[in-house]
Amino acid sequence: MLRKENILLVDDDIQILELLQRHLGGMHYHTYSAVSVKEALYILKDTEIDLLITDINMPEINGIQLIKYTAEHFPDMPKLVVTGFPSIDDAMSVIKSGVTEYLTKPFTKAELEDAVEKALKTIILKRKDVKPEPQLPKAYGEMIGASEAFENITQIIERVKDNHATVLIRGESGTGKELVARAIHYSGRFSRAPFIAVNCGAIPENLLEAELFGYTKGAFTGANETRSGFFQAANNGTIFLDEIGNAPLTVQTKLLRVLQEKEVIKVGSQKPEKLNVRIIAATNSNLEEMIEGKHFREDLYYRLTVVSIKVPPLRDRISDIPLLVNKFLQKYGVEYRDRLVNITPEAVQVLQRYSWPGNIRELENIIQRAVIMCDGQVTVNHLPEQVKFKIDFPEESLKPLRQVEKEYIQKVLASTGNNKSKAAKILGIDRKTLRERLK
């Protein structure tokens, strides 16, 4: 009777594959075989595999990449490396990737059986809770970190929190620019004053001016009363203008007046209103390029950059990821589970290696989902596919232009039943040229 374990064999050497199949068949194991990593992935996709046995040295994609892939996509699967070219570097690499056993060719049936039995004993993956121990982390509101990049931001916050200097915060989407603005406001002496956040990209262009500066009754269709705008609401406090690069030029002109004269004029009014308000703007756009393209006022740009803060992307704050993960685990653990949720060290390592194009916002969304899907502990299994190890298969080898041209001409000829006149017409050349190209 066959044992219940399924074993996947991966080796580009057919003879080795047959040998492994024969030996393992004699041990009553059921095996799947693949001569390449690509074939192995197809099998792994649709088949429950209990043990992976793979060679290291294979053409195109080697076994080490397959091991890394399975270590994250199938973390509970033990792995056995069988190689004919052992080296210290290879051995260290596969061990770090979670390989259970390492077998050198040639090997006996007894050695194979012993290695397989040892590997299968590790099917139940050991779980260890991770409790990140931050090294002197600092927190400003919802911001937290201990990295040098984070320290640079906090130093600037310390310098600007108690004054009304205009601040421009720059950084990629999802890096937490609004959190920096809130930290500046709420950690300083104006924290009791209003903080008004406005997304300039979320308000229609024809309404943005009225929403920012207010309007008088009858100023435009639908203006049935006189209303104050966001600037008046933020008086004596801070107004945060997110995505300032999306503000139309008409609004930019009025913003410049606010910065220069410290006053605003409602839409439909001629009377200026004095204000004492700090402006913090943020953008993920290249304002310098927008200035060159006449889409952003250069004088406004220099008014906004009294203090400039560059918020680093998450990929430049790798050491802060455990702190952020712990924060989100606490937040959503209490929200969804009424208790704390922990995470395995393997899952943290995966998160620290990912490039995070969506930055902290993407990390928070992933942890939120993982907390919902897990049962008290987040593991690699609860992480989405995009953060796990991927294999980049090489593109088809490039061919000389002459060869590509000849192959295409032959394809056209085949489609015309080898009629050279029709083929030449399709190709846009004469028969003589066609003959020359075929030589």
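The values are calculated or read from the model by the stated rules, or taken from the named source; none is laboratory data. This one's a predicted model, so the numbers in the text were calculated from it and none came from an experiment. A quick note on method: Cβ atoms are made from the backbone with ideal geometry, for glycine too, and the neighbour counts reach across all protein chains shown. These accessible areas exclude ligands, DNA and RNA; they are computed on the full protein's heavy atoms, side chains included. Shrake-Rupley method; radii C 1.70, N 1.55, O 1.52, S 1.80 Å.
For V306 and E39 in one chain, what is 0.36 nm times their gap in residues minus the Cα-Cα distance, to one decimal in nm?
90.3 nm
For the full complex of protein chains and a 1.4 angstrom probe, list H295, H164 by accessible area with the highest value first.
Descending order: H295, H164.
Could you order R159, R257 by accessible surface area, starting with the largest, using a probe radius of 1.4 Å?
On the way: R159 190, R257 95 Å².
From most accessible down to least: R159, R257.
Sticking to Cα atoms, compute the Rg of the chain to one decimal and its Dmax as the biggest Cα-Cα distance, whole number, in Å.
Looking at the chain, its Cα Rg and Dmax stand at 31.7, 95 Å.
If you place +1 on the Cβ of every Lys and Arg, -1 on the Cβ of every Asp and Glu, and leave all else neutral, what size is the dipole of the chain about its Cα centre, to the nearest 20 Debye?
Computed charge dipole of the chain: roughly 1340 debye.
Taking only the Cα atoms of the stretch 182-293, how large is their convex hull per residue, in Å³?
112
Please list Y69, Y302, Y32 from largest to smallest accessible area, probe radius 1.4 Å, with all protein chains kept in place.
Largest accessible area first, the list is Y302, Y32, Y69.
Put a dot 7 Å past each Cα toward the Cβ at E405 and S355; how far apart are the dots in nm?
My value for the distance between the label points is 3.6 nm.
Could you work out the relative contact order of the chain, using alpha carbon pairs under 8 angstrom and six or more residues apart, expressed as a whole percent?
In percent, rounded to a whole number, it is 14.
What is the stretch 280-422's relative contact order, in percent, from Cα pairs under 8 angstrom and six or more apart in sequence?
19
Shape of the stretch 337-439 from its Cα gyration tensor (a ≥ b ≥ c, root eigenvalues): rounded if a/c is under 1.5, otherwise prolate when a/b > b/c, or oblate? Could you put the intermediate results ahead of the total?
Numbers: a/c = 5.40, a/b = 4.43, b/c = 1.22.
Judged from the Cα gyration tensor, the stretch 337-439 comes out prolate (a/c at least 1.5, a/b above b/c).
Taking only Cα atoms of the stretch 5-57, what ratio of Rg to Rh do you get with Rh as the Kirkwood inverse-distance radius?
Here Rg/Rh amounts to 0.94.
Sorted from largest down, what three extents in whole angstroms do the Cα atoms of the stretch 216-356 have along their principal axes?
The Cα atoms of the stretch 216-356 stretch 63, 40, 28 Å along their principal axes.
Taking the dipole about the Cα centre of the chain, with the C-beta of Lys and Arg at +1 and of Asp and Glu at -1, give me whichever of P272, H185, A146 is farthest to the positive side.
About the Cα centre, the residue reaching furthest to the positive side is P272.
Give or take rounding to whole Å, what are the principal axis extents of the alpha carbon atoms in the stretch 242-309, in descending order?
Taking the Cα atoms of the stretch 242-309, the three principal extents are 35, 24, 18 Å.
Under 8 Å for C-alpha pairs, at least 6 residues apart: give me the relative contact order for the stretch 212-362, rounded to a whole percent.
Worked out over the stretch 212-362, it gives 19 percent.
Between the stretch 272-302 and the stretch 323-340, what is the C-alpha centre distance in whole Å?
With the stretch 272-302 and the stretch 323-340 each reduced to a Cα centre, they are spaced 38 Å.
How much net charge surrounds P357 when only other residues with a Cβ under 9 Å from its Cβ are counted (Lys, Arg +1; Asp, Glu -1)?
Residues close to P357 contribute a combined charge of -1.
Helix-derived [θ] at 222 nm for the chain: sum -39500 (n - 2.57) over DSSP H runs of at least 4, divide by residue count, nearest 500?
Estimated from H runs of four or more residues: -12500 deg cm²/dmol.
Picking from Q403, I14, F195, whose Cα lies most toward the positive end of the charge dipole for the chain (charges on Cβ: Lys, Arg +1; Asp, Glu -1)?
F195
When the Cα centres of the stretch 401-423 and the stretch 187-206 are compared, how far apart do they sit, in Å?
So the separation of the two Cα centres works out to 65 Å.
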